Structure formats: C-alpha cells, structure tokens
Amino acid sequence: MRSSLWDLPVRPVLRFHLRDGGTVEHIGAGPIVGAAVWIGRVPPDAVRLTISPTNRPGPFDFRVERVRRRWWPALLAAGLRGNPKSTRSAVLTRLIGWRPESDNNLAWAIGATPLSLAASWRRRRERAPDLAAIDCPRFDWTTAPRVTIVVRGDGADAAAIARTCASLQAQLFTGWRAVLTGTAYRASDPRIATAAAADIGAITSLVGTINAGDVLPPTALAFLVEQAQRHPRARVFYGDVLSSDSGRLRLLPGWSPRLQANLPYLRAPVFLRTESLSAADRAVLATLGALPPALASSLSANDVLPLRRVMLVSAVEPQAPRPLTVAALPRRASASIIIPTKDHPALLARAVASVRARTAGAVEIVVVDNASVTPEARRQLDGLRATPDITVVDYPGAFNFSAICNKATAIARGEVLVFLNDDTEVLTDDWLDRLCAHATDPTIGAVGARLTYPDGRLQHVGVLLGMGGSAGHFGAPAPGDDAGWMSRNLVVHEVSAVTGACLAVARHKFEAVGGFDAEHLPIELSDIDLCLKLNGRGFQTIVDPAVHILHEESASRGGATLRRLAVHGTERAVFLERWRHALRDDPFFHPGLSLYSWREALG
C-alpha cells in the first residue's frame, strides 16, 4: 500500500466484511517511507475488503500496489524467527479450534520488525517520487512559503559541509536559502551564504537548523511546504531522523509538552514559522538547533505538527537522556483512596498497610466489598468497619468494577479520587502528594503511576491505544528501571490512558464525564474509556513514573494466561465502536511503529 509522499502518514484500517454481516478490522502501520505492508490472515468467510487510508480532511492519494498470498507454514516460519512464543500460541490455539485467538497470536508473531533490521525494512518500502501521478504536488511550489536552513558548521570539515550543501541542491523544492555559521566555507550556489550565528540576516517564512554533515532527503523541503500550506495554524513542524552510521530510525511521538519540558526531544529537524520567533528564539534556534524553551511552553497541540517522515539523515547519534530529577510536590487537596475487594484479606491488608505507611497525614480509605464470603475476609472487614479512617461499603451481586467504583465515589469525601486495586502495594513515600498535585492541575484529567510486578519487572507506564487491536501496556515487561522508548519512563509525560489499578482524578472532572461506564463496560476497558472521555473534554492524561506501585495484576479476580477473546467480547465491541477513531493513531506514539510489540519495533 502506498500513499502520496505529500500526505501525512496515517495507519490504514483494513476492514474484512464477513458473510454473516460482521466485520473484522486490522490497524496497519503507516506508510512513513512511501509504502506500507500488512501481513496477516484473511478471515475464511470474508467476502469483501475495504481500506480506510486516512483520518484527516482534505485531498489524499492512496494505492494498493500488490496482493500476494502467503501460506500458513511460511507465516509460521517468519513468526518463529521473530517471536517464537506467540507463534507457538498461534499453533496451539489453531489446533484447538480457537481461530480468533490464533489470528491474534499470529499478529503478535509476525507484526513487528526489530530496529536492527531497519535497513531491509526501509528498502522494502521506500520508493522514488512519482510527480506525474500519485505524488503530483497539491500546491503551487512557486508561490509556496520560502525556507531558510541554518547550517551549523562549527568544527566541521569541508567535506561535511559540502555533503549538506549537495543535499540542499538536490531538493525537489527549490525555494530555499541556506546560511552557514561557524565556518569560512564558501559555496558556489548563490542561495548559500556564510554568516555569524548572531547575524544570519533576513530569514524566510520557515526556518530550521541542521548540523554540517546532515543530509536532507530530496523530498524533505517539498513535504515541509506542502504541510505548511495545508496546516496554516501550525507554528512548529518536526520530523524523524535516520542515523547514517547505525541505520537506526529515530521516530518521535506526537507533541507531548511535559515530555518536552522534562526531557527535550525536539531537536533537528525542527522547522518554525518566522512569525512565531522572537529575536531571542532566533538566537536559540541558530546556536543550539533546538526548539526554544520559551516558545515550547506556549504551544498547544494545534500549534505543533509532527511530520511523521524522515526529514534528516544525520551522523550524530541521539544524546543520552537527562537523568531523572524528582521535584517535591505539595498535596493541594484532600483525597479518598478507593479499594475494591472480594475474599482477598491478605492482599487487602497489604494494600491498606502500605497506604498508611507511605502517606503523611490523615487520608480517607474507602473499601468496597463485593460480597466476600470467606470467614477470614469477613473478620477482616468487620475490623476495618471499626477503624475511624476507613469506610467499608457493601456491593452485593456480580463483579462490576465500574459500578463498584462509582458507588464508592458517592460516599467518599475527598476532592481527589484515587482508585487502587487491592493487589497493590504503595512503594513511594510522596505518592499521594504527587498524584493530588497532578490531579488538581486544571489541564490534567487522569493521572497514573509506574507499576511493577512482584519480581520487579515493569508492568505499566501508560497505555498505548491500538496495541494488540485495542489497547495495551507498551514497554512491559521490561526491567523495572528501564528508561523506555524516548527515555519517557524517567519523567512525567502525557499518555492517552492509564490503568485503573492506580488512577487519580479530581472529583469534579470524574463527575463531569459521568464516571465509569457501569452499563456498557462493567469490567474490561472502563479505565481507558474514562481517560478518553476526560481527554475529549480537553484534559490531558499523564503518568508520573516517580510514583511506584507494586501490582500483581488480576490477582483480585484470577489470572488470564489463556483466555478466549469472547470473554468480555461485548465490552470490547462497545469500546472499539466508541473509540475507533482514537485507537487508530495514538497521538503519543508513531504510525511507523508496531502495535504488536511490547518494545519499540517497526510495523
């Protein structure tokens, strides 16, 4: 599948229409280098295939180049090379007649390419521009915004500068000028001048800074001006980077202001509209090649456009991340800790004890009992009822996580609601101060924490939409101190959703979106649904990795090592129908990365 080189890459959605009127959907990887490949099993009762190639308004172009049959043994062989565990699960579930589960395991087996194979992955997908057909310009390039490229030449040799100049001269878009700083190099092209960084002269409508030796792909500036004209409100544009030495692709997430503030990730190639720049901003851009901090702090999501394509080939590898600095945050609101439970006295005792031990000052704890029956649990609950700082609420009937939590909020008195599973243990002393400080921020909705398994492996630092076809915990199960993709695990940052195992939210925001959906999502996905409802109201969901919680995951209601997809299938169907548009392209991920890998891999 190929899209126009002037379109922002979007994950295509393949919908197979079945004979009985049902559908099966698959979210593919975006065509970030010109084309995309989807490999998977076509449902045996499929009668028609439709593809949604974009989710953006305006003109677009898309082609299906080739359809080729891959036999089951060949798919298994590919899976065994990449993900043997999922491949074995695909075979096992197929043998016992679990076709949907087999297909899902097969997607995990073959749906990701390691970053070490980026070169071959790119060769299979890259293509030359076809300006007479699919890549016909959408705008008149002769009247498009002009671009100034500041080339930092400090310490660079003539060969490196010449390499950069040659890439500029090879651009399909010719309306550019370049300013070389920190060097006496003289180019023969009149569009390339030499000046001091503090005196780069008049700049054009768009400006960006690169290092001598960097190479712009021939389509880079054409793609930039196409997007600048298509998105007139955008003030900042940034792209991805290919390392010329290692062949590694540096694919960046969408605009994440807290990540940028805590661990700046926007470096060259960053392009800005000149009307956005003060004199001080120009100096920062010209000398450091980075997004000026003062400008970054004023940007909204509509001001920043991630280009989602390789805009630079660089010999400079990404710098090491800045070490984690944990700022103390004052608790600015009262809080209620809500803990659902049933027949797990040992787990509940540990959770309550950890809350008390790790929390300074008084705090309200609301325990919601879902009809515990064991004598040990009953005795424990009777004892808790007599404890002044604990309220025990009875919830009889079938387990309904959403209804249980909603009932507790009606009784809880805190300004901040903190939902905590009974199979957790708080491991951070200032955990509640941090959660409350974030939750009472007027821009923030749901707040999550770093969760680890009892053996120390990472379980959760945010939820990735679309993962595995719905949503998942990207980055797990890595070592507990793993820095994660883009080193995000080191700092507070935005995510699309967080798990309900530890979720904080201001009461008035929770009530404004109707709380958890007890009718349609009683157990599965209600936490993610809540986050997405809050996001829809303009709040941001964040995760604070400095808040560390141990979580045994599903110990409260039994594990799910081998579970049918039909279990909670109705809830998944509701969730997918409600949030199909969001699952397609998580704004804090990248469309070129796989949704079927726990770690960063190509799709």
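Would you be able to tell me the number of residues in the range 502-523 that are among the small types (Gly, Ala, Ser) and in a loop (DSSP other than H, G, I, E, B)?
Here the count works out to 3.
So in the range 337-360, with the set limited to residues that are assigned to a helix (DSSP H, G or I) and in contact with a helix residue (DSSP H, G or I) (Cβ under 9 Å, 6 or more places away or on another chain), which one is surrounded by the fewest Cβ atoms within 10 Å (Cβ to Cβ)?
346
Taking the criterion of being open to solvent by 30 Å² or more (accessible area, probe 1.4 Å) and among the acidic types (Asp, Glu), would at least one residue in the range 514-521 satisfy it?
Among the residues of the range 514-521, at least one is open to solvent by 30 Å² or more (accessible area, probe 1.4 Å) and among the acidic types (Asp, Glu), which makes the answer yes.
For the range 525-539, indicate whether the set of residues that are assigned to a loop (DSSP other than H, G, I, E, B), at pLDDT 95 or above, touching a helix residue (DSSP H, G or I) at 6+ places or on another chain (Cβ under 7 Å) and open to solvent by 30 Å² or more (accessible area, probe 1.4 Å) is non-empty.
Among the residues of the range 525-539, at least one is assigned to a loop (DSSP other than H, G, I, E, B), at pLDDT 95 or above, touching a helix residue (DSSP H, G or I) at 6+ places or on another chain (Cβ under 7 Å) and open to solvent by 30 Å² or more (accessible area, probe 1.4 Å), which makes the answer yes.
For the range 261-282, which residues satisfy the criterion of being assigned to a loop (DSSP other than H, G, I, E, B), surrounded by fewer than 18 Cβ atoms within 10 Å (Cβ to Cβ) and small (Gly, Ala, Ser)?
Once the filter is applied, which keeps residues that are assigned to a loop (DSSP other than H, G, I, E, B), surrounded by fewer than 18 Cβ atoms within 10 Å (Cβ to Cβ) and small (Gly, Ala, Ser), the range 261-282 yields only 278.
Of all residues in the range 365-409 being crowded, with 18+ Cβ neighbours inside 10 Å and of a type in the set (D, E, K, R), which is farthest from residue 571 (Cα to Cα)?
369
For the range 438-451, indicate whether the set of residues that are farther than 30 Å from residue 105 by Cβ and assigned to a helix (DSSP H, G or I) is non-empty.
Yes: one or more hits.
Tell me the residue from 420, 432, 427 that is under 16 Å from residue 350 (Cα atoms), of a type outside the set (Ser, Thr, Tyr) and surrounded by 18 or more Cβ atoms within 10 Å (Cβ to Cβ), please.
Only one candidate passes the filter, namely 420.
Yes or no: the range 491-501 includes at least one residue that is in a helix (DSSP H, G or I) and crowded, with 22+ Cβ neighbours inside 10 Å.
No, there is no match, as no residue in the range 491-501 is in a helix (DSSP H, G or I) and crowded, with 22+ Cβ neighbours inside 10 Å.
List the number of the failed condition for residue 451; all other conditions in (1) closer than 13 Å to residue 500 by Cβ; (2) touching an Asp or Glu at 6+ places or on another chain (Cβ under 7 Å) hold.
Condition not satisfied by residue 451: (2).
In this structure, does residue 487 turn out to be more than 12 Å from the chain's Cα centre (by Cα) and either assigned by the TED database to the domain that holds residue 402 or more than 21 Å from residue 253 (Cβ to Cβ) (or both)?
Yes.
I'd like to verify a number: residues in the range 440-484 that are touching a strand residue (DSSP E or B) at 6+ places or on another chain (Cβ under 7 Å) and of a type in the set (D, E, K, R), how many?
3
So that you can scan it fast, the table gives a plain yes or no per residue for (1) in contact with a strand residue (DSSP E or B) (Cβ under 8 Å, 6 or more places away or on another chain); (2) open to solvent by 10 Å² or more (accessible area, probe 1.4 Å); (3) in a loop (DSSP other than H, G, I, E, B):
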site	(1), (2), (3)
184	yes, yes, yes
188	no, yes, yes
217	yes, yes, yes
240	yes, no, no
259	yes, no, no
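Is it the case that residue 237 is of a type outside the set (Gly, Ala, Ser), touching a helix residue (DSSP H, G or I) at 6+ places or on another chain (Cβ under 8 Å) and modelled with pLDDT of 85 or more?
Answer is yes for this residue.
Is it the case that residue 419 is outside the structural domain of residue 251 (by the TED database), outside any helix (DSSP H, G or I) and at pLDDT below 95?
no
I'd like to verify a number: residues in the range 471-483 that are open to solvent by less than 20 Å² (accessible area, probe 1.4 Å), part of a loop (DSSP other than H, G, I, E, B) and within 17 Å of residue 588 (Cα to Cα), how many?
2
Among the numbered criteria (1) outside any loop (DSSP other than H, G, I, E, B); (2) farther than 19 Å from residue 139 by Cβ; (3) open to solvent by less than 50 Å² (accessible area, probe 1.4 Å), which single criterion is violated by residue 252?
Condition not satisfied by residue 252: (1).
Could you check the range 32-145 for helices (runs of 4 or more DSSP H) lying wholly inside it with 3 or more residues that are touching a Lys or Arg at 6+ places or on another chain (Cβ under 7 Å) and open to solvent by less than 80 Å² (accessible area, probe 1.4 Å)?
Those helices (runs of 4 or more DSSP H) span 99-110.
Given the residues 259, 251, which is the only one that is among the aliphatic types (A, V, I, L, M), out of contact with any Leu (no Cβ under 8 Å at 6 or more places or on another chain) and touching a residue at least 60 places away in the same chain (Cβ under 8 Å)?
Just a single option satisfies the conditions, and that option is 259.
The values are calculated or read from the model by the stated rules, or taken from the named source; none is laboratory data. What you see is a predicted model, and the numbers here were worked out from it, not measured in a lab. Virtual Cβ from ideal backbone geometry, glycine too; neighbours counted across all protein chains shown. With ligands, DNA and RNA removed, areas are computed over all heavy atoms of the protein, side chains included. Shrake-Rupley method; radii C 1.70, N 1.55, O 1.52, S 1.80 Å.
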